[in-house]
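In what follows, a single structure is set out as structure tokens and then discussed.
The values are calculated or read from the model by the stated rules, or taken from the named source; none is laboratory data. Remember, it's a predicted structure, so these values are computed and weren't measured experimentally. Because the Cβ atoms are built from the backbone with ideal geometry, glycine has one as well, and the counts that use them run over all protein chains shown.
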Amino acid sequence: MKRVTSFLIAVPFALAAQQPAGDGARPIPLDEAVRLAQRNNPAAVQAHNALRTTAAAVRSAYGAYMPSLSVSGSGNRAGGETFFQGKLVPYAGSPWSYSRGYSTSLELFDGGRRWYNLKSAQANVDAADASETAQRYNVSLQVKQQYFAVLAARESESAARRQLEQAAEQLNSSTAKVRAGAATKSDSLRSAIQVGNARLALLTAQNNLRVANAGLTRLVGAMDVVTASPADTAEMGRIVLDSAALTALALEGPSVRQAEAALGASRAAKKAARTPYMPTITSSYSLSGNNTSDSFDWGSGRIPKQNSLRFSLNFPLFNNFAREENVTRTTVAEDNAIASLRDAKLAQQQSLVQYLGAFRTAEQRVAIQLATVDAAEEDLRVQQQRYALGASVLLDLLTSQTTLDQARAALIQARYDARIAKAQVEALVGRDLK
């Protein structure tokens with residue numbers, strides 16, 4: 001029995017001497033973590049590249065108003081034999097022939113197709129810009145969720161150490177009372193169980209911290225393991241704007257702006273789909289020359305030139321209902337875009353009510369749990385004194401300890417929920433709420 005008791009006493013102190021589960025991770029502040037993730041995250045990179053692609057489409061739409069220009073040149077050598085009056089005779093002409101020239105064309109009238117295509121491309125740029133903003137804040141939300149998970153795991157580890165220290169103290173007290181005959185052996189065994197539970201809570205918190213650090217490292221794209229800065233541990237954040245101001249910001253958020261730009265692009269595409277009912281007028285001009293030579297000299301000397309200026313009009317009367325199909329498709333796309341914009345606004349309002357309500361509730365939970373932890377600590381202190389004096393049984397003390405552990409866990413969860421809800425509101429409105 002003495003050997004078992006000595007082991008139960010030694011284990012808590014060995015566990016208490018363990019170092020935090022940092023594993024050499026490099027602390028970084030939240031702002032740096034968000035900045036690194038927005039630079040390295042694949043989704044953020046793809047959103048930025050989509051903006052580059054749509055910007056190139058705008059340049060192409062402007063280029064449609066400019067004339068096309070092409071140059072050409074060729075050289076050809078002929079030789080051998082040919083038939084002349086039924087006989088094979090050597091080739092008698094100049095072996096080398098050359099041609100060179102250039103041509104240009106410009107569409108003078110297209111019924112407004114190029115103009116509407118330009119407007120559609122510009123609207124797509126606005127949509128891509130809003131999408132990039134939304135993606136940046138989505139990445140920011142993911143980083144904050146993982147960053148706050150690191151903070152919660154670190155707080156849980158600290159709470160587990162407090163729990164282990166208190167359980168060890170209780171085990172020492174129970175063991176001493178058992179030796180003095182003032183308590184039964186079941187008291188020391190119950191205390192040992194509490195130590196085991198505290199040890200398990202500490203190991204779980206340390207493992208959660210390692211996992212959270214690994215997730216944060218992947219999000220920021222770092223080659224070495226990173227973790228949350230200890231200076232950010234107590235930061236929960238506030239939202240000082242009222243519901244009306246937040247609603248106005250939400251209705252101007254990235255998802256709404258993206259839906260509005262998509263509607264503008266679909267309307268321009270619908271107008272462009274009607275332009276084939278109008279005739280098109282095109283002008284073209286070409287200048288070319290041809291020459292022959294006995295040697296490879298690229299046709300030196302005077303070269304006879306030919307030039308051509310042409311105007312053409314094209315008016316398709318019937319193209320197998322292809323125009324009608326395109327008009328129908330663009331009209332349907334416009335209707336879908338209108339519905340998507342309406343739903344985006346309603347979704348913003350719904351999400352704002354949900355996230356803001358979660359934040360306000362979590363704030364109150366934090367305040368309540370702080371008071372609960374204080375009360376539980378005081379109750380545990382009183383129960384420890386009563387147990388030491390023999391005025392209460394061990395079960396009362398263990399109940400107080402369990403209540404304190406639960407209050408600490410609830411406080412950590414409330415802080416985590418408040419941080420996440422604030423980050424969700426920021427992602428919704430597309431701006432940081434300091």
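General observations
- Number of positions in the stretch 175-234 that are under 21 Å from the mean Cα position of the chain (by Cα) and either part of a helix (DSSP H, G or I) or of a type in the set (Phe, Trp, Tyr) (or both): 10
- The listed residue being part of a helix (DSSP H, G or I), of a type outside the set (Asp, Glu) and exposed (fewer than 14 other Cβ atoms within 10 Å of the Cβ), out of Tyr102, Tyr116, Tyr62: Tyr62
- The sole residue among Gln350, Gln364, Gln401 that is in a helix (DSSP H, G or I), surrounded by 14 or more Cβ atoms within 10 Å (Cβ to Cβ) and either at pLDDT 90 or above or more than 40 Å from the chain's Cα centre (by Cα) (or both) is Gln401.
- Candidates Leu88, Leu118 - the one that is at negative phi, in contact (Cβ under 8 Å) with a residue 40 or more places away in the chain and among the hydrophobic types (A, V, I, L, M, F, W, C): Leu118
- Tabulated pairs, the stretch 361-389, first more than 18 Å from Gln170 (Cβ to Cβ), second basic (Lys, Arg) and assigned to a helix (DSSP H, G or I), C-beta under 9 angstrom, 6+ apart or interchain: Ala362/Arg415; Ala362/Arg419; Ala362/Lys422; Arg365/Arg415; Val366/Arg415; Gln369/Arg408; Gln369/Arg415; Val373/Arg408
- Some residue of the stretch 409-427 being under 30 Å from Ala265 (Cβ atoms), hydrophobic (A, V, I, L, M, F, W, C) and part of a helix (DSSP H, G or I): yes
- Residue check, Leu30 of a type in the set (A, V, I, L, M, F, W, C), buried (at least 16 other Cβ atoms within 10 Å of the Cβ) and touching a Phe, Trp or Tyr at 6+ places or on another chain (Cβ under 9 Å): yes
- Put simply, of Ala376, Ala358 the only residue that is crowded, with 17+ Cβ neighbours inside 10 Å, of a type outside the set (Ser, Thr, Tyr) and under 29 Å from the mean Cα position of the chain (by Cα) is Ala358.
- A single member of Ala198, Ala134, Ala160 is crowded, with 20+ Cβ neighbours inside 10 Å, over 21 Å from Pro230 (Cβ atoms), among the small types (Gly, Ala, Ser) and touching a Ser or Thr at 6+ places or on another chain (Cβ under 8 Å), and it is Ala134.
- Residue count for the stretch 383-392 under the criterion of being hydrophobic (A, V, I, L, M, F, W, C) and surrounded by 14 or more Cβ atoms within 10 Å (Cβ to Cβ): the result is 1.
- Leu241 vs. criteria outside any loop (DSSP other than H, G, I, E, B), in contact with a helix residue (DSSP H, G or I) (Cβ under 9 Å, 6 or more places away or on another chain) and not polar (S, T, N, Q): no
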